[in-house]
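Below is one structure, written out as structure tokens, with a few remarks after it.
The values are calculated or read from the model by the stated rules, or taken from the named source; none is laboratory data. Just so it is clear, the structure is predicted and the values come from calculations on it, not from any experiment. In this analysis, Cβ positions are derived from the backbone assuming ideal geometry, glycine residues included, and neighbour counts consider all displayed protein chains.
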């Protein structure tokens, strides 16, 4: 069981770290460099390898978080408070998914937006980063709940 919690923590930690980088480092830089540069980079990164990597990490982290919660609840029958952080992490990852679905069309629109269309690029940038920021908050919170889960499960395992 601890293995599932650790796996969820690793995946969700990668997502959280990527979101923190995007929120605090990349987005302000893209605002300085310009929308055309952001769009060009995003076409190669987010719509390149990212189109496979990000969903795999998000869906995988969500699935593993839910699996850990279900297995832990089944094993303990909710007899202790240890299940709280595990359930919380799974719920936060599930809550992040709709924000991902809202951000996706903005990123996908970059495939069809002309580099000279600053209004459309601005809309894509604003939409992707608005929804991405909300998604990121949930990913970071889920990662924190995952860390809490590791501590809780480790302590619970010691009492068995």
Would you check if there is a residue in the range 20-43 being more than 26 Å from residue 119 (Cβ to Cβ), in contact with a helix residue (DSSP H, G or I) (Cβ under 8 Å, 6 or more places away or on another chain) and in a helix (DSSP H, G or I)? yes
Tell me, yes or no, whether the range 28-40 has at least one residue that is more than 30 Å from residue 157 (Cα to Cα), in contact (Cβ under 8 Å) with a residue 24 or more places away in the chain, over 20 Å from the mean Cα position of the chain (by Cα) and surrounded by fewer than 17 Cβ atoms within 10 Å (Cβ to Cβ). yes
Residues of the range 93-136 that turn out to be without any contact (Cβ under 8 Å) to a residue 12 or more places away in the chain, surrounded by 15 or more Cβ atoms within 10 Å (Cβ to Cβ) and in a helix (DSSP H, G or I), as a count: 2
Among (1) modelled with pLDDT of 95 or more; (2) crowded, with 16+ Cβ neighbours inside 10 Å, there is one condition residue 87 misses while meeting the rest; what is its number? (1)
Could you tell me whether the range 42-65 includes any residue that is under 23 Å from residue 3 (Cβ atoms), touching a residue at least 24 places away in the same chain (Cβ under 8 Å), more than 12 Å from the chain's Cα centre (by Cα) and surrounded by fewer than 19 Cβ atoms within 10 Å (Cβ to Cβ)? no
